[in-house]
Amino acid sequence: MTPIITVENLTKKFGSITAVDGISFEVREGTIFGFLGPNGAGKTTTINILCTLLSPTSGNAAIDGHDCMKESSEVRKNIGIVFQDNTLDKELTAYENLLFHSYLYNVPKNERKKRINDALNFVGLYERKDEPVKRFSGGMKRRLEVARSIIHQPKVLFLDEPTLGLDPQSRTNLWEFISELPKKHDVTIFMTTHYMEEAEICDKIAIIDKGKIIAQGSPEELKKMVGGDVIYLKTRNNVAAIDVIKTSLNLDAEEKNGEIFISVSKGDACIPKLINTLADAVVSVRLQRPTLNDVFLKLTGKAMRPEAVSGGDELKESIRSYRKKFDRG
Amino acid sequence: MKSDMNAIYVIVAREFIKFVRERGRLISTLARPLLWLFLVGGGMSKMVSPDMGMPYMQFIFPGIIGMTILFSSIFSSISIIWDKEFGFMKEMLVAPVSRFSIVIGKALSGTMVSTFQALIIVLLFPVIGLRLGIDQIILILCISAMLSFCLASLGILIAVFYENLESFSVIMNFIIMPMFFLSGAMYPVKLLPHVLGFLTKINPLTYGIDALKYMIFPEKKLLTHDFPLSLDVAAIVISSIVFVIIAAMVFERKK
């Protein structure tokens, strides 16, 4: 199958700062591709290049065979975008915002109304279509933006941190819509996030840090990189239990903080065996599966939590001030 | 081509809807010319000698129409900075429409709003003792529309260089106010010293107000219009084209 997005050796420099550093990847049609990394890793810069808003310092980017620089008009027709910051007109109603969009994208006159209503129904905002957007909650605005982005039936949909600043309920709600999109609307999704757990719905993930892609693969493949599952076991006699596990199950076991720590490839299948073998000696058992955060931790040596990304924030801030200078100069 | 027409149409339609919904904006932008006409114009009429051929309040009437257009057009274009700051500009920039149509759409939005406000001021003519025929009013509106388009394009050109509204007072004090005073609105251009005289000649508003004087005081009197009408119209048209082209080019430039 031919890839719908192709990126080769893409580099973008802002002055002396390299925001994106020679990245390459491909996205297959009809899949969800996740771009993961801390703030300031270069995710938004990459999206802006793919959306024809920025031109790269070097390298190539193409969508559906059209070069993002040379054929920007063709690319723009085929993409939909939900930006990190809200881009709705808050004074207009939900319906008017979508109508504006359908004119901008030259949606045929006789289809405008139907497509807008379908999109509003899809995100569950049809009943509120005549209300000004300023009365909408953060989650509703995001859903409306998703609805707007599919009206012109794009081939690729870019979602830049779509759940940023939303409460957990709106986030879950929004992910339901997003995961249905590829099948229902025949669209490929390119999304960025720095919430590791959100990336689980992706078919393929690229992890980016300091402008470079440090790992690519399906969530399962990436998790395998940090090894398999870990079983934590509490028993009446840990020393005796470890001995049994090692001899009769042939597994590696160690004691840590009063718990037995066993590293296995398939934890769920291993637990029944352990319990059968150790029988009454087991007090409690828990299974820990690797998360994408563990992957990130292993690859970069830092967790993807706010306190660990301050370096990224600094980079973002310096890019921002550079952009400001550039815009004025 | 059709998609560009659609884009222009919908950008103007958006502005129209917002203009109709925010009536407060209309009142606040009309307050400024009314204050100048009646408080400055009224006060000065008592001071300026009447041998200039007409009361001062009537003399500044074309200038006040020009002022209405200047403020309203430039403020309307400045909305581009709002759009940038609140993200809506991105929605337009990633759409498959040319930068030209965005600039033209925005300029026509400004033209619509300003011409309507100019009409309201023009209709005050009986209050200050002027007589205007319906044909004169139509010609005044034509000139107003052309001048509005020109100044709205200038406003867009200014707005594309700014990312946020922090610099708004700079635009106000160093562009809008000098343009108004150096336009022949308050006193005839001929009276200005040489250097300032040059500045008035590169100010498109000068030509707009000169053309308005031509329409409002058709019988040539002292202190009215300074240039031939054809020069006025040519200056407005050419500067409009230049502003639109440069604004679209700056817009197109990718970072």
Problem - With DNA, RNA and ligands ignored, accessible area of A:Val27 (1.4 Å probe; Å², nearest 10) - result: 0
Handout entry: Eligible aspartates and glutamates near A:Lys134 by straight Cα distance, threshold 14 Å, same-chain separation 8 or greater
Key = A:Asp89, A:Glu91, A:Glu96, A:Glu145
Practice task
For A:Lys204, go through the aspartates and glutamates and keep the ones whose alpha-carbon is under 20 Å away, minus same-chain ones fewer than eight residues off.
Solution key: A:Glu8, A:Glu26, A:Glu29, A:Asp64, A:Asp160, A:Glu161, A:Glu176, A:Glu180, A:Asp186, A:Glu220, A:Glu221, A:Asp294
Problem - Number of Lys pairs (Cα under 30 Å; 8 or more positions apart or on different chains) in the stretch A:28-121 - result: 11
Exercise for the section: Determine the alpha carbon to alpha carbon distance for each of A:Lys223/A:Lys246; A:Lys141/A:Lys224; A:Lys298/B:Lys84 and list only those over 31 Å. Expected result: A:Lys141/A:Lys224; A:Lys298/B:Lys84
Fill in the blank from the handout: Among B:Lys213, B:Lys106, B:Lys46, the residue with the largest mean-square fluctuation in a Gaussian network model of chain B built from Cα contacts under 10 Å is B:Lys46
Practice task
Normalise the Cα radius of gyration of the stretch B:1-254 by 2.2 N^0.38 Å (N = residues in it) and let me know the number.
Solution key: 1.02
Completion exercise
Residue-ordered couplings for the stretch A:35-42, obtained by feeding phi - 60° into the Karplus form 6.51 cos²θ - 1.76 cosθ + 1.60 and rounding to whole Hz (Gly and Pro as x), are 10, 10, x, x, 4, x, 7, x
Completion exercise
Of all DSSP beta bridges having both residues in the protein assembly as shown, the percent classed as antiparallel (nearest 5) is 65
Handout entry: On Cα atoms only, tilt of B:61-85 relative to the major axis of chain B in degrees
Key = 20
Fill in the blank from the handout: A student applying the Cα gyration tensor rule (rounded when a/c is under 1.5; otherwise prolate if a/b is larger than b/c, oblate if not) would label chain A prolate
Handout entry: Per residue value of the accessible surface for chain A (all protein chains in place, 1.4 Å probe), Å²
Key = 46
Handout entry: Size-normalised alpha-carbon gyration radius of the protein assembly as shown, reference 2.2 N^0.38 Å
Key = 1.29
Practice task
Return one whole number: the accessible area per residue of chain B in Å², for a 1.4 Å probe.
Solution key: 43
Problem - For A:Asp64, residues with placed amide H under 5 Å, excluding near neighbours - result: A:Ile5, A:Thr6
Handout entry: Only Lys, Arg (+1) and Asp, Glu (-1) charged, at Cβ; chain A dipole about Cα centre in debye
Key = 720
Completion exercise
With the 8 Å Cα cutoff and a minimum separation of six or more residues, chain B has a relative contact order in percent of 25
Practice task
Note down the magnitude of the dipole of the stretch B:72-207 about its Cα centre, charges +1 on Lys and Arg C-beta and -1 on Asp and Glu C-beta and zero elsewhere, to the nearest 20 debye.
Solution key: 340
Problem - Placed amide H near A:Asp209: partners under 5 Å, 5+ positions off or other chain - result: A:Ile214
Fill in the blank from the handout: Here the residues of the stretch A:38-84 whose accessible area is at least 40 Å² smaller with all protein chains than in the chain alone (probe 1.4 Å) are A:Leu53, A:Arg76, A:Phe83
Exercise for the section: Would you calculate, for the protein assembly as shown, the mean residue ellipticity at 222 nm contributed by helices, counting each DSSP H stretch of 4 or more residues as -39,500 (n - 2.57) and dividing by all residues, to the nearest 500? Expected result: -16500 deg cm²/dmol
Exercise for the section: Report the charge-dipole magnitude of the stretch B:1-254 in Debye, nearest 20, computed about the Cα centre from +1 at each Lys and Arg Cβ and -1 at each Asp and Glu Cβ. Expected result: 180
Problem - Heavy-atom accessible surface of the stretch B:1-254: percent carbon and sulfur, 1.4 Å - result: 74
Problem - Proximal lysines relative to B:Lys213, as straight alpha-carbon distance under 20 Å, when same-chain residues fewer than 8 apart are discounted - result: B:Lys190, B:Lys201, B:Lys221
Fill in the blank from the handout: When B and A pair up, the total accessible heavy-atom area removed from solvent (1.4 Å probe), in Å² to nearest 100, is 3100
Fill in the blank from the handout: Scoring chain A by relative contact order with C-alpha pairs under 8 Å, at least six apart, yields a percentage of 20
Practice task
Pull up all non-local amide H partners of A:Leu159: gap of 5 or more, or a different chain, and H-to-H distance under 5 Å with H placed in the peptide plane.
Solution key: A:Val82, A:Phe190, A:Met191, A:Thr192
Practice task
Report the extension gain between A:Arg236 and A:Lys256 in nm, rounded to one decimal, defined as 0.36 nm multiplied by the number of residues separating them, less their alpha carbon distance.
Solution key: 5.7 nm
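The values are calculated or read from the model by the stated rules, or taken from the named source; none is laboratory data. The structure displayed is predicted, hence computed values, not measured ones. Ideal geometry is used to build each Cβ from the backbone, glycine not excepted, and the neighbour counts take in all protein chains shown. Accessible surface areas use protein heavy atoms only, side chains included; no ligands, DNA or RNA. Shrake-Rupley method; radii C 1.70, N 1.55, O 1.52, S 1.80 Å.
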